[in-house]
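**Student:** One structure coming up, written as structure tokens, with questions to follow.
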Amino acid sequence: MKSLCPLTICLIFLFSSCHTKTTNVDYTDWSHYGGPSDGSRYSSLTQINKENVSRLEVAWRYNTGDASANSQIQCQPIVVDGLLYGSTPTLNVFALNAATGEEVWRFDPFQVLGGENSWAGTNRGVSYWEDGDDKRILFGAGNWLMAVHAETGKPIMDFGEEGKVDLRKGLDTEREDFMIVANAPGVVYGDLLIIGMRLSEGLDAAPGHIRAYNIRTGKREWIFHTIPQEGEPGFETWDPATIKQVGGANNWAGMTVDQDRGIVFVPTGSATYDFWGGYRKGDNLFANSLIALNAQTGERIWHFQAVHHDVWDRDFPANPNLVRIHKDGKWIDAVAQISKQGLTYVFERMTGKPIWPIVETAVTQTGMPGEFTSATQPIPSLPEPFMKMVFDDSSILNLRPEWEADIRSQLAGAIYGDTWAPPHPEKPIVLFPGMDGGGEWGGASFDPETQTLYVNANQIPWMITMTPNADFENVGKSVFTNYCGNCHGIDRKGNPPAIPGLLDVKEKFTYDSLDLLLRKGRGAMPAFDHLSTENRKVILEYLLDKSEGEGDKQELEGGTQQLFPRYYMDGYKKLTTKEGIYGSNPPWGLLTAIDMNSGKKKWQVTLGEIDSLSVQGFAQTGTENYGGPVVTAGGVLFIAATKDEKIRAFDKDTGAVLWEAKLAASGHATPAVYEIGGTQYIVVACGGGKGTKSGDEYVAFALPD
């Protein structure tokens, strides 16, 4: 943790001195990302409780009608003045009557943007702001930040340029042709919307700077450089020769604002390139960091970096929780940040002082040519990890002898048993926790009455194999790998069913149709319209086997001097059997309750079930899960998230399952909890994806009359 702005901290102490005993949060409110204004995913509503939750039934359904193969809905809806706001798979934004599910209005952003329906990525929610009769919904659609009237859905034409702001601009860079997706909703503070963005995973990525926009006008009011510019603190943690050509260190996970103190807490991800960092020698501030900023000005108050010089893709995956805990005889206002690595980092909100010691621990060093890894990594002594920390011999799948033999054959020559083993030039490594955590973007929920943090996690091993760029026999393969290899693999086999292979692409596409797909994107695949025409041509000809593959990579960049990694990661790959069974012993999905006063786990249960294994007599295994929990004062925790297409209610005190219901598709989203007309509702988006069938439904549950 670094604290470099003492004057700012003193001012905040003075400002917040009257707020150290109580909070102004309304826990019946669900108008923010994460529900209440503190992002806690907690509701004080009690109509639905342990005794009656088993009686829940469907109250209404809303079908968006625009799902497609591999589409998703990751949106956590918000509710304001009887209207529920959310988004569809194609990023239409809508308002529903929150009591009936009847559509009030629906807005297609591409009616404003014009042109073909370009890929805009996933959307995890919208933001609400009001001043008197001026009520607005703000949301991201691809690289655009847009504003519409909350009551009508009509664009607010005096916001930005005719209702929109191009997030590719205003990054204090010469380039503007970046791939940018505003996937997580921004947070509102006064008249400001503070927002991050998802970026490319390659060296063509934009810098992940944090920006605040005036909600009335769309004007950029401040910017915080997550990759520092010369003369700014943190610049010394990079290679000055290449810092302008490196991107990332972005906030794609969302943020949380302490409205009383005027602090916005911003978690960031890794710098690019993720798995070989030879061009970014140093610790790389402010990547992989929790940053406390003055919400009004963007000035840094304090920061903590959880991974120095990340080569494991250990982004902070979710917005942090504002928590109030009792420790050493006193109440402490703290901020808790979950991580992909299954650890939770907890700090005093105003100073950044760790609540429990965080120990810089010696870790294995790299053997990659040209790479420089950190000698230590910070490990919190508490809270206890919310998943297993190491994949070793005892972790290898042994449910059946043939499955064990399959996994052991894949592990022959691989490096495992070391959480911090860096990528190796010749041997694959097992990454555990995997690239999807541990914790993921659904985030954690916090019960302020019991000081309990609830978090779901994936417990699945992944494999990382590195390939030297110098081995590539042609330019097409090199350029393809730089932009497409992380997902589809250098061998173009993909990771079905979530990521298709490309070996037969010439049988499915013409040159023109593949060019359109590359430029516009589809489903989970981003648009690559930011690529130069020449680089796009090289990729197309490589995929369609139309190129001899000769040439000079530097010439292809047209003098832009874009960097290419010396080593590439050979695609996102889970360690699985040929039948698709995960390569570790279950459970593969977990739900954990942590006592935040002591840092100790209260309970931990398996989350999710694979029916095909259950019918064979295997105990509940858990599943991958995406989307977070919500907890209520009625003693119930609700979570969908699992690939088995169910939503469940758990006893928040014991972890016992109290109720479950089948969904139209997997609910890879966080539910909303609210009350209208004396009835409490639970609503979740059922969009599927992530290797499961896609859906287009929002479903509400309530008690019968």
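The values are calculated or read from the model by the stated rules, or taken from the named source; none is laboratory data. These numbers were taken from a predicted model, which means no experiment stands behind them. Cβ: placed from backbone, ideal geometry, glycine included. Neighbour counts: every protein chain shown. Ligands, DNA and RNA are excluded from the accessible area calculation, which covers all protein heavy atoms including side chains. Shrake-Rupley method; radii C 1.70, N 1.55, O 1.52, S 1.80 Å.
**Student:** Mind putting a number on the dipole of the range 552-697 about its Cα centre? Charges go on the C-beta only, +1 for Lys and Arg and -1 for Asp and Glu, and I need it in Debye to the nearest 20.
**Tutor:** 380
**Student:** Also, I was wondering about something else. To the nearest 0.05, what FRET efficiency results for Asn398 and Asn63 with a Förster distance of 56 Å applied to their C-beta separation?
**Tutor:** The value I calculate is 0.85.
**Student:** Give me the distance in nm between label points sitting 7 Å out from Cα along the Cα-to-Cβ direction at Asp653 and Asp134, one decimal.
**Tutor:** 4.9
**Student:** Now, a different point. For the range 164-177, take each phi angle, set θ = phi - 60°, evaluate the Karplus expression 6.51 cos²θ - 1.76 cosθ + 1.60, and give the result in whole Hz per residue in order, putting x for glycine and proline.
**Tutor:** 8, 10, 7, 6, 6, 9, x, 9, 6, 10, 6, 7, 9, 9
**Student:** Something else: Taking only C-alpha pairs under 8 Å that are 6+ residues apart, what is the relative contact order of the chain in percent? Intermediate values should be presented prior to the final figure.
**Tutor:** Values: 1903 pairs, mean separation 109.8, N = 705.
16 percent.
**Student:** What distance in nm lies between label points placed 7 Å from Cα along the C-beta direction at Thr100 and Glu176?
**Tutor:** The modelled label-to-label distance comes out at 4.6 nm.
**Student:** Next question, about the same structure. Expected output is a single nm value to one decimal: the length gained when fully extending between Thr510 and Asp191, i.e. 0.36 nm times separation in residues minus the C-alpha distance. What is it?
**Tutor:** Gain in length upon complete extension: 110.0 nm.
**Student:** Which GluC sites (Glu not before Pro) in the range 27-122 pass both tests, a DSSP loop state and at most 15 other beta-carbon atoms within 10 Å?
**Tutor:** Here the sparse-neighbourhood loop sites are Glu51, Glu102, Glu116.
**Student:** Let me ask something else about it. Label the range 91-208 by shape, choosing from rounded, prolate and oblate, from the square roots a ≥ b ≥ c of the eigenvalues of the Cα gyration tensor; if a/c is under 1.5 it is rounded, and otherwise prolate applies when a/b is larger than b/c, oblate when it is not.
**Tutor:** prolate
**Student:** Which is the longest run of the chain containing none of the trypsin sites (Lys or Arg not before Pro) found in DSSP loop states (not H, G, I, E, B) with at most 13 other C-beta atoms within 10 Å?
**Tutor:** The longest uninterrupted stretch comes out as 220-507.
**Student:** Any idea what the dipole of the chain comes to, in debye rounded to 20, about its Cα centre with Lys/Arg Cβ at +1 and Asp/Glu Cβ at -1? Mind showing how you got there, number by number?
**Tutor:** Details: 62 positive and 88 negative charges, 185 e Å.
The calculation lands at about 880 debye.
**Student:** Placing +1 at every Lys and Arg Cβ and -1 at every Asp and Glu Cβ, with all other atoms neutral, what dipole size does the range 312-358 have around its Cα centre, in debye to the nearest 20?
**Tutor:** Taking the Cα centre of the range 312-358 as origin, the dipole is about 120 debye.
**Student:** Taking only complete DSSP H runs, can you tell me which helices of the chain stretch 18 Å or more along their own long axis by Cα positions and average at least -0.5 on the Kyte-Doolittle scale?
**Tutor:** Taking the DSSP H segments of the chain (at least 18 Å long, mean hydropathy at least -0.5), we get 475-488.
**Student:** Rounded, prolate or oblate: pick one for the range 261-400, where a ≥ b ≥ c are the square roots of the eigenvalues of its C-alpha gyration tensor, a/c under 1.5 means rounded, and failing that, prolate if a/b is larger than b/c, else oblate.
**Tutor:** oblate
**Student:** Counting other Cβ atoms within 10 Å, keep those with at most 13, restrict to DSSP loop, and tell me which GluC sites (Glu not before Pro) in the range 170-208 are left.
**Tutor:** Passing both the DSSP loop test and the Cβ count: Glu174.
**Student:** What order do Glu645, Glu236 take when sorted by accessible area (1.4 Å probe), most exposed first?
**Tutor:** Glu236, Glu645
**Student:** Which residues in the range 160-191 place their backbone N less than 19 Å from a point set 7 Å from the Cα of Glu534 along the Cα-to-Cβ direction?
**Tutor:** Counting backbone N atoms under 19 Å from the label point, the list is 175-178.
**Student:** Give the relative contact order (percent, whole number) for the range 318-427; include only Cα pairs under 8 Å separated by 6+ residues.
**Tutor:** The value is 21 percent.
**Student:** If you roll a 1.4 angstrom probe over the protein chains with everything in place, what fraction of the accessible area of the chain belongs to carbon and sulfur, to the nearest %? Don't skip to the end; give the middle numbers.
**Tutor:** Values: 12100 of 24940 Å².
Accessible surface attributable to carbon and sulfur in the chain totals 49 percent.
**Student:** In the range 561-636, what GluC sites (Glu not before Pro) fall in a loop by DSSP, with at most 10 other Cβ atoms inside 10 Å? Walk me through the numbers before you get to the answer.
**Tutor:** Numbers: sites: Glu579, Glu609, Glu624; in loops: Glu579, Glu609, Glu624.
For GluC sites (Glu not before Pro) across the range 561-636 that sit outside H, G, I, E and B with at most 10 neighbouring Cβ atoms in 10 Å, the list reads Glu579.
**Student:** By its C-alpha gyration tensor, with a ≥ b ≥ c as the square roots of the eigenvalues, how is the range 276-323 shaped: rounded for a/c under 1.5, else prolate for a/b larger than b/c, else oblate? Numbers along the way, then the final one.
**Tutor:** Working: a/c = 3.05, a/b = 1.65, b/c = 1.85.
Here the range 276-323 falls in the oblate category.
**Student:** Separate question: Would you pull out the residues with amide H under 5 Å of Gln680's amide H, same chain only if 5 or more places away, H placed 1.01 Å from N?
**Tutor:** Those lying under 5 Å, H to H, from Gln680 are Leu703.
**Student:** Pairs of alpha-carbon atoms within less than 8 angstrom and 6+ residues apart define the contacts here; what relative contact order does the range 631-705 have, in percent?
**Tutor:** Numbers: 166 pairs, mean separation 17.4, N = 75.
Once divided by the residue count of the range 631-705, the mean separation gives 23 percent.
**Student:** Okay, moving on. Treat each spin label as a single point 7 Å out from the Cα along the C-beta direction, and report the Thr28 to Ile223 distance in nm.
**Tutor:** For the pair Thr28/Ile223, the computed spacing is 4.4 nm.
**Student:** Compute the length gained on full extension between Phe618 and Lys327: take 0.36 nm times their separation in residues and subtract their Cα-Cα distance, giving the result in nm to one decimal.
**Tutor:** 100.6 nm
**Student:** Same structure, new question: Dipole of the chain (Lys/Arg Cβ +1, Asp/Glu Cβ -1, origin at the Cα centre): which of Thr452, Asn294, Gly190 lies farthest to the positive side?
**Tutor:** Thr452
**Student:** Let me ask you something else. Sorted by accessible area (1.4 Å probe), largest first, how do Tyr279, Tyr542, Tyr213 line up?
**Tutor:** Order by accessible area, largest first: Tyr279, Tyr542, Tyr213.
**Student:** From the P(r) of the range 143-263, could you give the percentage of C-alpha pairs in the tail past 26 Å?
**Tutor:** Tail of P(r) above 26 Å: 24 percent of Cα pairs.
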